[in-house]
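Bear in mind that the values in this text are calculations on the coordinates, not laboratory data. Note that this is a predicted model, so its numbers are computed, not measured. We place every Cβ from the backbone using ideal geometry, glycine too, and count neighbours over all the protein chains shown.
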Number of protein chains: 2
Amino acid sequence: MQRSTTPVEQTDPQVGLAVSTVIFTLRADDGFGATDPQPGIWLPLVRRIREPYDGLWALPGGPLGAAESLADAASSTLETTTSLRPRYLEQLYAFGDLDRSPAERVVSIVYWALVGSDEAKRTRLGQNVRWFPADALPPLAFDHRDIVEYALWRLRNKLEYSHIAHAFLGETFTLSELREVHEAVLQKQLDPANFRRQVESSGLVLQTDELRTGGRHRPARLYRWTQPVTRPETPSPGRSTSRRPTTSTPTTRQQSEEPA
Amino acid sequence: MQRSTTPVEQTDPQVGLAVSTVIFTLRADDGFGATDPQPGIWLPLVRRIREPYDGLWALPGGPLGAAESLADAASSTLETTTSLRPRYLEQLYAFGDLDRSPAERVVSIVYWALVGSDEAKRTRLGQNVRWFPADALPPLAFDHRDIVEYALWRLRNKLEYSHIAHAFLGETFTLSELREVHEAVLQKQLDPANFRRQVESSGLVLQTDELRTGGRHRPARLYRWTQPVTRPETPSPGRSTSRRPTTSTPTTRQQSEEPA
DNA sequence: CCAAAAGTGTTCAACGTACACCCATGT
DNA sequence: ACATGGGTGTACGTTGAACACTTTTGG
């Protein structure tokens, strides 16, 4: 007798199914009003008010409702916790080790999300919710520390071949502003000249005819994204790198323009 | 009142949790004894024997047992279906749309796996299990067609920066054999000369002092992998690209698994 | 005028690709 | 001898990093 095929009857009732979300934003202050020179990645955590791990901080999340999709659950967690709507949302991974939670068996499907810097700053949080800098997290409950690390890795990775930086900026932005986002996320300095050329030739961004004045230097041209926000809620192979092979290979089939 | 933090109480009992596996192997025959010139990707499917989708083919899988980890569930599905052990196993994605299954609500955590070509050939399958070429699948139940497409994309993607081709080859192999694997998976011809150099400089592979004779041509040197099998069962950021930066900063650019 | 960021140009090394060519074996 | 794949050499175009240099504003 072999196992039956996938969607099937009902699961063992002992296995709980939860959805959690790692929410990122970019902030330039230190949380007390002082302004850092470089912005950094921040994320909201929820203080647990029961066992296990009572008192520790944890990722916002909760059980999956029977009538909500996975992304909806992640999104609604986010809104309930921060009163914000995600500008980007993507599934991260399903964590299901047997010993994640001391007593019960819980599988957590984790999403990661980006929210706007400006909006995040204005938000008032509940009593048991606080923003923390990603590089100075308190002790976390469960395996949430690993989850955050993995989400950070994914964020940094993704930044390099997509326009998720969109989520941190307004409708229009200067290339310096965009570069600062990249520098904050990747935590390294980028050559302004090379960065400019890379972005301009990526096709993700479009010149406007406006300038941003005000700095005590030459005004900077404003740009806008060519496409609206990315919401990869269905994992589709297409990566739309918009690259065309210069010389060769009519590789028969629609050789997907995949990344790695 | 806000949603509580992650691993938590119990889920709505209406939501089922299943684990399915997309199993790939490489075969050179057409299923009837004739030998194709180029091997292709094949995968086993299970014929459903009940509603919904009775009679259609589906991915092997089943409900998650309370005492098994996600990877164990995927692995055991694989063994039950094909009597094989996976040489590679990785989580693909969690599919949880509301309308995946007509009546009930089921979330499927899907894994993808590779099994050895030689082993797969020797295996006898049960009555309701059959291998199909990935490019000629029958109509599939549920959203399994999309899932397979996504898994294929991931396989092709991953082939280029890891040594998962390991799974299709023996302990030692010639560079031609390795190239044939790549050509079969990527479905395009590769320049033997350039392929050789790329692989040799990748550090993933090591020369032996043995040769493979027998062809009516110059004997080919045998190689072996520098590392054993990859089993990324914890999604760790480190990709171990083992690349040495020639001049400047260790910019270890790596590509992410997962979609656009 | 000076500081500072915006924006352009140039050089160089690394890398992928195409392709010519030699090597060693079985028949 | 010759066909066939194993294996080496090389030239060229693209890309990315480094960095010199010009431009335009505010003070």
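Before moving on, here are some points about what is shown:
- With K and R counted +1 and D and E -1, the other residues having a Cβ less than 11 Å from that of A:R179 yield a net charge of -3.
- The ranking of A:T81, A:T21 from fewest to most other beta carbons within 10 Å of each one's beta carbon is A:T81, A:T21.
- Residue order, fewest to most surrounding Cβ atoms within 10 angstrom, among B:T82, B:T213: B:T213, B:T82
- Cβ-Cβ distance of B:S176 and B:D135, R₀ of 22 Å, FRET efficiency by 1/(1 + (r/R0)^6): the value works out to about 0.40.
- Exposure proxy order (Cβ contacts within 10 Å, fewest to most) of A:L137, B:L26: A:L137, B:L26
- The stretch B:169-225 shape via C-alpha gyration tensor axes, a/c threshold 1.5: oblate
- Computed E for B:E79/A:R221 - FRET, C-beta separation, R0 60 angstrom, nearest 0.05: 0.50
- Each other copy holds its own label point for A:R130; taking that point as 7 Å from Cα along Cα to Cβ, the gaps run 6.2 nm, nearest first.
- Note on B:K158: lysines with a C-alpha under 29 Å away, same-chain residues under 8 apart excluded, are A:K158, A:K188, B:K121, B:K188.
- Overall form of the stretch B:16-157 per C-alpha gyration tensor (a/c, 1.5; a/b vs b/c): prolate
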